[in-house]
Structure formats: C-alpha cells, structure tokens
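Please read the structure below before turning to the comments.
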C-alpha cells in the first residue's frame, strides 16, 4: 500500500493501521515523493489525498492512471472537496473516502479494491490465454489442407477459392456436424485477411442478455458486473474475420441492432456514446433451413438478406461417402498422435462398416467414433469390436432401427419435456435446467428453437 497525504498524523495513523493488518506500507507527504514511490515500488493500492502542497491531487491521479491503468486508487478527501472527489471517480479512481473516516470502512474499501485488482488480473490472464489458444488453432488450420475426394467437395473448394479473396458476407448452411466452422476457417485462410485473427461466437451458447455485450463490448459501469472496459468481438475482429455460428439463434432485437454493423461496419459499445468502426469480414453459419427460420419468425428478413450476400451449403457426410476413407485416415493419425502411439491399422471390414453407416451426426460423429476406437484399440489395430455400439450392429439392423425411429418425432417429445419441466418449476429456468440435467445456455437455445415463451409456460 502507498499512502500519499500531507498531514503527518494521517500518515502515522494509516501506516500503523495497515501494517497491523499485514500490509506492506510506504508513505509520502508530497506529490513528487508519492510519484517516486509509485514508480519504484509499484503498489497494489494507493490512498491519495487531493490536497497536496506541490500538485493537485487530480493531476497526480491522472498521472498514476496513465502510467499504470490497472492500479486501484482510493481518494482521501475533506468534505469541502467533494466535487473534486466525484471528478476523481470519472478519472478512474476506485472510490473516495471523506475525512474523518472510520478505519473499518477504509479497510473494507481497500479489501474491495484488492478483490477488483485480482479479478481484473485473472480476467486479463484468461483472455490472453484464450487469444494464445486461438492463435495456435489458427496456425494449425493454416497448416491443415482440406481432406476430400468427392466431386461435390472439390467443386465447393473451387467456389471457396473464388469467394474467399473478396470481402462479401458468406452464409454457410448445412446439418450439425458437417464442418461449417472448419469451412469458415478455410475461407479465412484463403482470404486476404488470413494474417489477422478469426474471432468466433456461437450465438446459441450465450443467454440473450449476454450476446450483445460479447459482440459490441461495453464500458466500465454499463451494467451490473461490468467492472472494466471490454472491447468486444467486433473490435477484436478488426482487420480479420468475424464468424457467427448458429446465427439463427441470435435474438431478434440484436438482429435489428446488428443491421447497421453489417451495412456501415459501425457500432457503439454498451454504455458508450462513441461510434466506433471495425473493418471485418463476416462469415455466418446455421443448421436451420432458412425458409423454416424465416417462417417461424426466428430470423428477420432484412437481417437474412444482409447475411446472405453469398450462400454455401455443405452436403451431409452420407451424400459424400467417398470422403470417409480420407477423413478416417486423418482422424486416426490425429488421435494416435495424442496418445503417443503409431497410427493403428484398420481391418478392411471396419472401413467398410464406416463407409456404409448413415452418420446422422456427420463429420463430428465420425471424429468421435474414431477417437473412441483409437483409445480402445491402442497400436494393435482397429477391429469392429473397438467401434461405438451403434456401429457394431450390421448395416441391415442399423437401417431397420433408423426406419423405426423415423416416426418418433424426437423434437416434439423434447419440446414436451421442456414445457413440463417449466410447468413443474413454475417458469424458473434455472430450476428447469437443473431438472432436465442441462446447462442454462443450452435451455435458452432450446427455448428459442422451439418458440417457447412465457405464454407456453403456464
């Protein structure tokens, strides 16, 4: 702790109080001495008096915040300088305490300041680690060429090579698991923006009230919990690509606000009056048929037309079975490498079984099945018994099971189950998610998907 005050009794009293509570303390009676200690000692929290003999306290505060924006500064002020204290908050002070003060009040505020410092430090570390992980993934994507043999995917690759160098918005369509995110990465890789980051946001993974802040960013104090400025993903995508997955799950109100962003590349962070610009290329994806999303009112027409400058639909894996052997070879090598073993060989009947399966979960399901098999088989070789149970059944039985299940209307039963959970919990979404055994973001996504509002919960 650093205490800067021109009253010697205050320095002695605070120094003794803080040292008894286990803090390391330095004191200074002037602005110049305070800045010297600030630079050499780098305190976690500063107690700063506004009435210093050699400089205005607000100037000292501005200088401290300019040199170390993360430092927490508590202002000590007499009642007659209350206006200056309020101004200090605008300059970035954590709080102010009027003299005379109660020691316990001061210690409590210092505890909150330290908690705030730790929270900001942890948040910064998490974001830096996340950015490093994204860069590693992007580097891996650049090193990885696409794997396909089918005519449809070769044609799609030629199409990508024409579209990617432009800045046109791209809308990717296709079933879950077909590789839309991988294709988005391929577009970014082939574009003129490949040296800049590709920022990803899954619109179904966040509650409606959080997506706006993640996209647009916010300033400190914009809402409860906004303890520091956050640039937002639109800002982070400047110069690169912004990828919005499950875009049909974006709340309608946010779709309206995002229209201007798509048209002008201009936006305002939450709580700010400043209009900012971001030069990004938009790639969006959804597994919903567009006609269905528009008919259900989940997607605004004007928003859809902004997204849909260029539309690309990925075929499901069952329609391009020629790609399965190459994908299997890549996944086997990938997961064997993670296990630190040589890629195990596949018996011919295993590859035949993999190629004949319908793959309702597409490439994602294939990837999971190969990881499962590699872990069980080790380096000895993958046999039928190493595959997941649904793949061990003969193809004839698989087809019979598929025909039996076709009339079950799983979506209807899931919607009915969710409604019943909401009725049982009287509309409490947190309790309903716990009852269903799912996370709240997943429940919010399903509520939007099935069009369940308050009127259906009673």
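The values are calculated or read from the model by the stated rules, or taken from the named source; none is laboratory data. Bear in mind the structure is a predicted one, so any value in this text is a computation, not a measurement. Ideal geometry is used to build each Cβ from the backbone, glycine not excepted, and the neighbour counts take in all protein chains shown.
Table for the structure above
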item: Criterion: under 20 Å from residue 28 (Cα atoms), in contact (Cβ under 8 Å) with a residue 40 or more places away in the chain and not in a helix (DSSP H, G or I) - qualifying residue of 107, 76; result: 76
item: Given (1) on the phi < 0 side of the Ramachandran plot; (2) out of contact with any strand residue (DSSP E or B) (no Cβ under 6 Å at 6 or more places or on another chain); (3) crowded, with 21+ Cβ neighbours inside 10 Å, index of the condition residue 359 fails; result: (1)
item: Single residue of 259, 294, 307 found to be buried (at least 20 other Cβ atoms within 10 Å of the Cβ), within 27 Å of residue 175 (Cα to Cα) and over 20 Å from the mean Cα position of the chain (by Cα); result: 307
item: Hits in the range 42-73 - residues which are within 36 Å of the chain's Cα centre (by Cα), assigned to a helix (DSSP H, G or I), touching a residue at least 12 places away in the same chain (Cβ under 8 Å) and surrounded by fewer than 19 Cβ atoms within 10 Å (Cβ to Cβ); result: 62, 63, 65, 67
item: Any hit, the range 229-246, residues being touching a residue at least 60 places away in the same chain (Cβ under 8 Å) and assigned to a helix (DSSP H, G or I); result: no
item: Those residues of the range 182-207 which are surrounded by fewer than 17 Cβ atoms within 10 Å (Cβ to Cβ) and farther than 19 Å from residue 160 by Cα, in sequence order; result: 207
item: Any hit, the range 168-185, residues being closer than 30 Å to residue 444 by Cβ and within 16 Å of the chain's Cα centre (by Cα); result: yes
item: Which numbered condition residue 39 fails, given (1) within 42 Å of the chain's Cα centre (by Cα); (2) surrounded by 13 or more Cβ atoms within 10 Å (Cβ to Cβ); (3) in a helix (DSSP H, G or I); result: (2)
item: Unique match (being within 28 Å of the chain's Cα centre (by Cα), part of a helix (DSSP H, G or I) and at pLDDT below 80) among 455, 371, 411, 396; result: 411
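Yes or no, residue by residue, for (1) crowded, with 19+ Cβ neighbours inside 10 Å; (2) at pLDDT 95 or above; (3) under 26 Å from the mean Cα position of the chain (by Cα):
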residue: 303; (1), (2), (3): yes, no, yes
residue: 318; (1), (2), (3): no, no, no
residue: 323; (1), (2), (3): yes, no, no
residue: 329; (1), (2), (3): no, no, no
residue: 346; (1), (2), (3): yes, no, no
residue: 350; (1), (2), (3): yes, no, no
residue: 364; (1), (2), (3): no, no, yes
